[in-house]
Amino acid sequence: MPQTKIAGIGMYVPKTVVTNNDLLKYMDTSDEWIQERTGIKERRYAERTGETTTTMGVEASKIAIERAGTTPQEIDFIIFATLSPDYYFPGCGVLLQRAMKMNEIGALDVRNQCSGFVYAISIGDQFIKTGMYKNILVVGSEKHSFGLDFSTRGRNISVIFGDGAGAVVLQPTDKKNQGILSTHLHSDGESAEILAMFNPGTHANHWTAAPVADFNEGEAGDMFMSHTMIDKAQNFPNMDGPSVFKKAVVKFPEVIMEALQANDLQPSDIAMLIPHQANLRIAQFVQQKLGLSQDQVYNNIDKYGNTTAASIPIALCEAWEQGKIKEGDLVCLAAFGSGFTWGSVLLRW
Ligand SMILES: CC(C)(COP(=O)(O)OP(=O)(O)OC[C@H]1O[C@@H](n2cnc3c(N)ncnc32)[C@H](O)[C@@H]1OP(=O)(O)O)[C@@H](O)C(=O)NCCC(=O)NCCS
């Protein structure tokens, strides 16, 4: 059975840099608070109308495809991870297929938020290993700036997130010392509401003790999105930050150790850990817990904030471009986020 290698990688971030101080015009916050709690100094925001989650994904994909030495027409499957799709449906995969003039290949959208890219890589890995596909494009892209609550009410969330995209091309390899060694995926839906955007949705307040949507109970329609929901700001993401933090610092090290143990390896064998860029304090905690040096962990949350499904491919791309990942290096990707879902990918570059 062949192993799966990352044959090409690319990233795209919008030009507009938004510093912590720039956010002061919308909400009561401070550069000190944001830096101290999250490590974020600035983030990028996409053009209001000129860029979408898909178009950013296309830009990252062009680079990844070229670096893989292939063409859009040779890609035989698309996996697109995002929580901020251009349309509620259809997904971004088909929009990318159209924009890149690809063949009538399969296009799958993954909705696993911060761990979306890790899940997407794991799915791609299975298709390559079985020999079903030879050139899989995996994209993570987010345009968060379009729909966050930029008032003081939403500051615990809106200061954290940024826009951007990353992409890789997966191909089979017969080299012994190259490719994905294993992937490990998990979920715990007990905490689904701790980090969630409830509306628009079909939940009808079914899952929560207190209502999370105000709607008109007519015979049909009118429950998906209502004026009252908008007036009550029920159309924005909700997050209990401290609860996310507490779970993340347990599950990140756990799923990294699971990957290492499955392959009879130690934390000291890791050349580069690329953690999902949720919060610098979480990454530092994980580093400390695993006894890793600073050189073994790549962080860029200071420049881009949390770009959800895009954060791992952006960080991986930067680390590789800076020469911090070399052929044969043991690389670990690890993510945790809304759901909760979490996972890891262990690979030899
Ligand atoms: C969100 C997060 C940075 C908040 O940090 P925290 O230390 O837990 O802060 P809290 O939420 O307890 O809030 C502390 C205070 O800061 C205030 N605050 C929240 N956001 C603020 C902001 N942007 N600016 C200034 N003050 C803010 C709160 O209102 C609260 O004030 P109070 O004590 O007067 O009530 C932190 O919980 C976190 O990073 N959690 C993980 C989130 C995450 O990774 N999400 C993505 C998942 S992949």
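Between L95, L148, which is within 16 Å of the ligand (Cβ to nearest atom) and open to solvent by less than 40 Å² (accessible area, probe 1.4 Å)? Before you say what the answer is, go through the steps one by one.
Details: L95 fails: within 16 Å of the ligand (Cβ to nearest atom).
Among L95, L148, only L148 is within 16 Å of the ligand (Cβ to nearest atom) and open to solvent by less than 40 Å² (accessible area, probe 1.4 Å).
Tell me the residue from R43, R37 that is closer than 17 Å to F146 by Cβ, in contact (Cβ under 8 Å) with a residue 60 or more places away in the chain and within 16 Å of the ligand (Cβ to nearest atom), please.
Working: R37 fails: closer than 17 Å to F146 by Cβ.
Residue meeting the stated conditions: R43.
With the requirement that a residue be open to solvent by less than 10 Å² (accessible area, probe 1.4 Å), out of contact with any Leu (no Cβ under 8 Å at 6 or more places or on another chain) and hydrophobic (A, V, I, L, M, F, W, C), what does the range 284-319 give you?
If the condition is that a residue be open to solvent by less than 10 Å² (accessible area, probe 1.4 Å), out of contact with any Leu (no Cβ under 8 Å at 6 or more places or on another chain) and hydrophobic (A, V, I, L, M, F, W, C), then A310, I314, A315, C317, A319 are the ones that fit.
Here is a yes/no grid of residues against (1) open to solvent by 30 Å² or more (accessible area, probe 1.4 Å); (2) within 16 Å of the ligand (Cβ to nearest atom):
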| residue | (1), (2) |
| --- | --- |
| Q113 | yes, yes |
| H144 | no, yes |
| D163 | no, yes |
| D174 | yes, no |
| G179 | no, no |
| G201 | no, no |
| A204 | yes, no |
| A213 | no, no |
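Restricting the range 9-34 to residues that are surrounded by 22 or more Cβ atoms within 10 Å (Cβ to Cβ) and assigned to a strand (DSSP E or B), which is nearest to the ligand (Cβ to nearest atom)?
Checking each candidate, the answer is M11.
Can you tell me which residue in the range 228-255 is least open to solvent (accessible area, probe 1.4 Å), limited to those that are β-branched (V, I, T) and modelled with pLDDT of 95 or more?
It comes out as V255.
I'm trying to understand the selection: among the residues of the range 1-17, which are touching a residue at least 60 places away in the same chain (Cβ under 8 Å) and touching a Lys or Arg at 6+ places or on another chain (Cβ under 8 Å)?
Hits for the range 1-17 are M1, P2, Q3, T4, K5, A7, G8, I9, G10, V13, P14.
In this structure, is T82 within 16 Å of the ligand (Cβ to nearest atom), out of contact with any Cys (no Cβ under 6 Å at 6 or more places or on another chain), over 29 Å from D174 (Cα atoms) and open to solvent by less than 30 Å² (accessible area, probe 1.4 Å)?
Answer is no for this residue.
Any residue at all in the range 261-275 that is open to solvent by 20 Å² or more (accessible area, probe 1.4 Å), without any contact (Cβ under 8 Å) to a residue 60 or more places away in the chain, near the ligand (Cβ under 10 Å from one of its atoms) and small (G, A, S)?
no
Before we move on, is Y88 at negative phi, aromatic (F, W, Y), touching a Leu at 6+ places or on another chain (Cβ under 7 Å) and in contact (Cβ under 8 Å) with a residue 60 or more places away in the chain?
Details: at negative phi: yes; aromatic (F, W, Y): yes; touching a Leu at 6+ places or on another chain (Cβ under 7 Å): no; in contact (Cβ under 8 Å) with a residue 60 or more places away in the chain: yes.
Here the answer is no, as Y88 does not meet what is asked.
The values are calculated or read from the model by the stated rules, or taken from the named source; none is laboratory data. Given the structure is predicted, the values throughout are model-derived calculations rather than measurements. All Cβ positions, glycine included, derive from the backbone under ideal geometry; neighbour counts span all protein chains shown. All accessible areas refer to the heavy atoms of the entire protein, side chains included, with ligands and DNA or RNA removed. Shrake-Rupley method; radii C 1.70, N 1.55, O 1.52, S 1.80 Å.
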